[in-house]
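**Q** Input: one structure, supplied below.
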Amino acid sequence: MTAVAAVAAAAVGAVALPAAAADHHPSPRAHHGTVYISRVQAPAQGRDNRSLNREWVDITNGSRHSVNLDDWTLSDRDGHTYTFRHFRLEGRSTVRVHTGVGEDTRSDVFQDRHKSVWDREDTATLRNDHRRFVDDASWGGRRHW
């Protein structure tokens, strides 16, 4: 195996491994488009729903240009779906999507839910306004080789 092939194989393997920690930083991916899931904090800690705003997914715009996220969706494996409404993500910025209730700002939006969405083993999937896959991040669970 050449050095280039070994590096490529290692990079592919790193992308395929799910994170075991609740605070999850998805591995950098060669396909990173303009918008991607950059970090996840899930599930919410605590037994009550007051901790729901400590459960979140960060969405980052890696380009210099703003992106209209109107009608983009963020969902979990169970089908809980958050739809962005009238939201523009500025260039080289991040928005944090909290599970709980709050007032939306340029850097934080809220799903206004009263129960946890993200499980200890889950996948966050981001889709654009045409329902096309944009990015995902998985954590917990067993590793499948």
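**Q** Is it fair to say H80 is out of contact with any strand residue (DSSP E or B) (no Cβ under 8 Å at 6 or more places or on another chain), surrounded by 16 or more Cβ atoms within 10 Å (Cβ to Cβ) and modelled with pLDDT of 95 or more?
**A** Here the answer is yes, as H80 does meet what is asked.
**Q** Shifting gears a bit: Could you name every one of the strands (runs of 3 or more DSSP E) located completely within segment 63-135 that has at least 1 residues being out of contact with any Leu (no Cβ under 9 Å at 6 or more places or on another chain), hydroxyl-bearing (S, T, Y) and closer than 18 Å to T34 by Cβ?
**A** Hits in segment 63-135: 93-98.
**Q** Within segment 83-127, which residues are surrounded by 16 or more Cβ atoms within 10 Å (Cβ to Cβ), over 16 Å from V40 (Cα atoms) and in contact (Cβ under 8 Å) with a residue 60 or more places away in the chain?
**A** Within segment 83-127, just R113 meets the criteria.
**Q** Would you mind stating whether R47 is out of contact with any Gly (no Cβ under 9 Å at 6 or more places or on another chain), modelled with pLDDT under 95 and surrounded by fewer than 17 Cβ atoms within 10 Å (Cβ to Cβ)?
**A** So R47 passes the test.
**Q** What's the total number of residues in segment 60-77 that are under 30 Å from E121 (Cβ atoms) and either in contact with a Pro (Cβ under 9 Å, 6 or more places away or on another chain) or open to solvent by 30 Å² or more (accessible area, probe 1.4 Å) (or both)?
**A** Looking only at that region, the number is 3.
The values are calculated or read from the model by the stated rules, or taken from the named source; none is laboratory data. Keep in mind the model is a prediction, meaning the values are calculated, not measured. Here Cβ is always computed from backbone atoms with ideal geometry, including for glycine, and neighbour counts include all displayed protein chains. For accessibility, only protein heavy atoms count, side chains too; no ligands or nucleic acids. Shrake-Rupley method; radii C 1.70, N 1.55, O 1.52, S 1.80 Å.
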